Structures are given as C-alpha cells and as structure tokens.
Amino acid sequence: MLAELVCFEQKCRARFPITEAIHNCPNCGGLLEACLIGDRIQPEQWKKTWRERRASNQPLDQSGVWRYRELLPFDGQHHLAVSLREGNTPLLDAPRAAEYGGVDRLTFKHQGFNPTGSFKDNGMTCGVTQALRLGRKRVACVSTGNTSASMAAYASAAGLDSIVFIPHGEIAYGKLAQALEYGARTLQVEANFDQILALVRVLADSLGIYLLNSINPFRIEGQKSIIIEMLDQRDWNPPDWIVLPGGNLGNTSAFGKALRELHDFGFIRKMPRLAVIQAEGAAPFYEFMRTRGEFRPTPEPRTLATAIRIGDPVSWPKALHEVTASNGVVEKVSEQEIADAKAIIGRCGIGCEPASAATLAGLRKLTLTKTIRPDEDVVAVLTGNLLKDPDYIVHYHTGKLTDPSGKLLQARFGNQPVVVPNDADAIARVLDRATP
Ligand code: F0G
C-alpha cells in the first residue's frame, strides 16, 4: 500500500514522504510511524492470495514477511526486497508449558526459527530494503545482540557496509559470533545499551549512517508480520492473549500496530490483549504502567536475560498506546522465574533464549493473580533461539547460574551431565540408577 511517515506525537502528527531519510520527527523529535494510505483494502481477497502464495516458488512469496506485502509500506518497490526467507515460523503446542503456566492450552509462536535465529529478521528485511530504497551504503545499530546478528546478515546479503555497536562483555556469545561471521564492523563499547544508543543517534546523523534500531519505523512494519502470519496460521481466529517479552518495546509497538490495522481494515473482529513481560531488574515500563506517573528510566538495568537488559526503552510512548488500545497488561518476573520457565520450555522439546522465557514466567504469574483465566486462548511469542546463549543453559543445569547480584539460582529443573568411566558395566550401573 501507499504510505507516509507520520509523527507519533498526538500534538504534532507532522507528515513526511515515505522516502524522507529521517530517524525522528524533524519538528518535535517524536517517534515516527509508517502509516498506510489505501482505500482498496480487500480482506477476504487478500487472505486468499496470501494463502495461495504459500505454495509459490517465488522468493517474495516464500518470505513470511513479504508474502503479506499488501500491508507493508513498499508500494512499487518490491523488486528491492532483501530476503533470506524470514518468517515462516511455527505455532507449537506445548502441553507441559501450558500446565506450568496455569492454562489449559498454550501455543508458542517461535521466532527463533528465523534465518538468524530471532524475530529481528522479520523487521530487518524491511529496514535494509528501505536503506536500499534511500540509496544508503552504510547501516548501523546498537544492540543487545540479536539486532546486530540480523542486521549484519541482511546488510551483507544486500551488499551494504554494516557497523554494530554492542555493550562490551554484555552480549551472549552466539550473537557476537554471528555479527563477526556475517561480516559486520563490530565495536564493543564500554557502556550500556542505553548510553550507546544515545551516542549512536548523534553519530548517525553526523556520519550519514542509516540507523536500524527499532526506532526505525520500517523495522516495526516488518515485525507486524509476526502477528499477521500467526493469525493466518490460525485461520484468522484471534487468541484472547498474546504474551511477549519487553525490552526496547519495538515488538510491543509492532504487535499493537498490526492488531489495530487488521481490526480497522476488517481482517479480524476481536482484538487480542497484549501481555508484556519485563525482567525485574530492567522493568521501567512495568513501573511506569503501575504508577502512571512520569516515565523514569532504570539507570543501571540488570538481568541475565541480556537481550532485554534495557533501562531506557525508546519506544515506550508507542508501547503505552498499544498496551492501552489492546486493554493489555505489563508484568515483571525474577531471574529465578525466567530460568525455571526456560527449562520447562526446553522440556517441551522447544527451547528458547532467556528473554523469550520471560513469557512463560509472566503467564504463570498472570494466571496466579487471575488476570488470565485457565480457559483463555494464549499465544506466547518466543523471540530467540535456544542456541543464542549456551553459557546460560550449561550454568543453569550444572547449578552454577548466579543472578546479577551474585546470588546462586536454584536449578529446580536442572539436568546435570554425568562423568562416567570408559567401562560398559559402570555405565550400565549409572543408567539403571538414573532411569526414573
Ligand atoms: N527477545 C529477544 C530475544 C530480543 O533480542 C529482544 C530485543 C527482545 C526480546 C525485546 O524486544 O526490544 O522489541 O522489546 N533485543 C534487542 C537487540 C534490543 O538489540 O537485539 P523489544
């Protein structure tokens, strides 16, 4: 569809052409969003077309993002699309996790099945395509790891130079390895995510670099497809709740925007409610929603779920709007709760990275407080792949995982590896003992 950039601030709402290379509103500094302009929306016809595209061998149709291109702001520009066949992520039933979370049935939408192993690919394919549309040669991002892995891959696929800025020593090894392997110039800055983002926003303008953090509205547009695809997979039956982790709150913004558009355009009749889960040590949005006072960043966010170790989430005004519009809730969970929920997701044969497990931990809390009823239909979005952070997993299962204050976490669902001699009888004895 045709689209324009619109300032998100209600008192400004300035409009700009979709090809204007701006990161924030030049008038008031507000966040920008891409607004679709279209009067020929045909929900039933488009649903049919999208379903037919699943059987197509055309690269764009095979992408779980570009398949839904009618709802993306790239009218007439699809030839530029940089795709690694992102999206196409499964909906997985998880009875054991449902029981743990206190609901009759729970489905995971697992974004860890993406090409670089996280939901960032859904957004990055659009962000990098917009960089090409603008004729930019260099892209950059600040990241807790997944954004940098994804941007590095898509930038290399597009032939662009990429620069990633990451907090020194604070990102999971799997993610650092990806940025290096995909060829990004990798700068490890001795500061936290929020400090580096402030620095890079200044640098990007002076050096003419195109920024691909989630303030970039085209990333948000791509991430809408997580919701569109999920509803397509459910034959357009919306769940009661969508549970997701909250860090910089880009995904919350994207999910809410997708739901509003699908509702307003007539694709769905009911709006699911959003449940955003933050880690206790990095929960400024939770605190803000609880008190409804001024938004106060957390100066020193701390959590082992490094993906969501963010104290000053840039997209909070959008997230506030979306959580309110969906009649949603925000919850926070402890390090122990995240670690245990993660092990349970593993025992379902599914697995995920720590930040993603905040969803199940949050669901458990929300059913205990009766915010979510056991018979409600819940989809939780697992944002990243299990292999992103193997150190965390091995430390948990071997009883060596300590929280950011140095306290040892309990391995409630631990699965210790056993050292055995090179001896068949001895191994048989160990197995007899170990078999439940
Ligand atoms: N889950 C994972 C696995 C993430 O990597 C992130 C964010 C989130 C959840 C939170 O999503 O920021 O949209 O609220 N990671 C970013 C990064 C910040 O740099 O990779 P959000």
TODO: With both partners inside the chain, how many of the DSSP beta bridges are antiparallel, as a percent to the nearest 5?
DONE: 30
Task: Helical contribution to [θ] at 222 nm, DSSP H n ≥ 4, -39,500 (n - 2.57), averaged over the chain, rounded to 500 - done: -12000 deg cm²/dmol
- [ ] Once you have the Cα-Cα distance between ASN327 and THR49, take 0.36 nm times their residue separation minus that, and quote the gain in nm to one decimal.
- [x] 97.0 nm
Open item on the list: A 31 angstrom limit on the alpha carbon distance is what I want to check against. Which of LYS224/LYS332; LYS47/LYS370; LYS47/LYS120 exceed it?
Closed with: LYS47/LYS370
Task: FRET E, pair SER56, LEU207, Förster distance 41 Å, beta-carbon r, rounded to 0.05 - done: 0.50
- [ ] Please work out how much accessible surface GLU44 shows to a 1.4 Å probe, ignoring ligands, DNA and RNA, in Å² rounded to 10.
- [x] 120
Task: Solvent-accessible heavy-atom area per residue, rounded to whole Å², over the range 1-73 at 1.4 Å - done: 51
Open item on the list: Between 0 and 90 degrees, rounded to the nearest ten: what's the tilt of helix 146-158 against the longest Cα principal axis of the chain?
Closed with: 50
Task: Point-to-point label distance, ARG234-ARG290, nm (Cα→Cβ direction, 7 Å offset) - done: 2.8
- [ ] On a 0 to 90° scale, report how tilted helix 217-233 is relative to the longest principal axis of the chain, with both axes built from alpha carbons and the result rounded to the nearest 10.
- [x] 60
TODO: Please turn the phi angles of the range 190-200 into ³J(HN,Hα) values with the Karplus equation 6.51 cos²θ - 1.76 cosθ + 1.60 (θ = phi - 60°), one per residue in order, whole Hz, x for glycine and proline.
DONE: 7, 6, 8, 3, 5, 5, 5, 4, 4, 5, 6
- [ ] Could you check how much of the accessible area of the range 25-169 is carbon and sulfur, as a whole percent, using a 1.4 Å probe?
- [x] 46
- [ ] Please work out how much length the chain gains when fully extended from ASP39 to GLU9, using 0.36 nm per residue of separation minus the C-alpha to C-alpha distance, in nm with one decimal.
- [x] 8.4 nm
Open item on the list: Order ASP391, ASP377 by their accessible area, 1.4 angstrom probe, all chains in place, largest first.
Closed with: ASP391, ASP377
Open item on the list: Give me the extension gain from SER334 to ARG269: residue separation times 0.36 nm, minus the current Cα-Cα distance, reported in nm with one decimal.
Closed with: 19.9 nm
Open item on the list: If amide hydrogens are placed 1.01 Å from N in the peptide plane, which non-local residues have theirs closer than 5 Å to the one on GLY311?
Closed with: ASP194
Open item on the list: In whole percent, and with a 1.4 Å probe on the protein chains, what portion of the accessible area of the range 297-382 is carbon and sulfur?
Closed with: 50
TODO: Would you mind pulling out the separation of the Cα centroids of the range 333-390 and the range 187-234, in Å?
DONE: 24
TODO: For a quick protection proxy, order the peptides 76-83, 254-261, 93-100 by their average other-Cβ count within 10 Å, most packed first.
DONE: 254-261, 93-100, 76-83
- [ ] Just reorder LYS47, LYS270 by solvent-accessible area, largest first, 1.4 Å probe, all chains present.
- [x] LYS270, LYS47
- [ ] In nm, give the distance between the simple-model label positions of ASP425 and ARG136, each being 7 Å from the Cα along the Cα-to-Cβ direction.
- [x] 6.9
Task: Cross-link partners of LYS400 among aspartates and glutamates (Cα-Cα below 19 Å; sequence separation of 8 or more within a chain) - done: GLU170, GLU335, GLU337, ASP340, GLU353, ASP389, ASP391
Open item on the list: Before I look further, what does the range 119-185 give for accessible area per residue, probe 1.4 Å, in whole square angstrom?
Closed with: 31
Open item on the list: Using a probe radius of 1.4 Å on heavy atoms only, what accessible surface per residue do you get for the range 192-346? Whole Å² is fine.
Closed with: 32
Open item on the list: At 1.4 Å probe size, put TRP46, TRP66 in order of accessible surface, largest to smallest.
Closed with: TRP46, TRP66
TODO: Between ASP161 and THR19, take the C-beta separation as r, use R0 = 22 Å, and let me know the FRET efficiency to the nearest 0.05.
DONE: 0.55
Open item on the list: Under a Cβ-only charge scheme (Lys and Arg +1, Asp and Glu -1), can you give me the dipole magnitude of the chain about the Cα centre, in debye to the nearest 20?
Closed with: 420
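The values are calculated or read from the model by the stated rules, or taken from the named source; none is laboratory data. If you're wondering where the values come from, they're calculated on a predicted model, not measured in any experiment. Positions of Cβ are generated from backbone atoms using ideal geometry, with glycine treated the same way; all protein chains shown enter the neighbour counts. When the accessible area is computed, the model is the full protein with side chains, heavy atoms only, and any ligands, DNA or RNA have been set aside. Shrake-Rupley method; radii C 1.70, N 1.55, O 1.52, S 1.80 Å.
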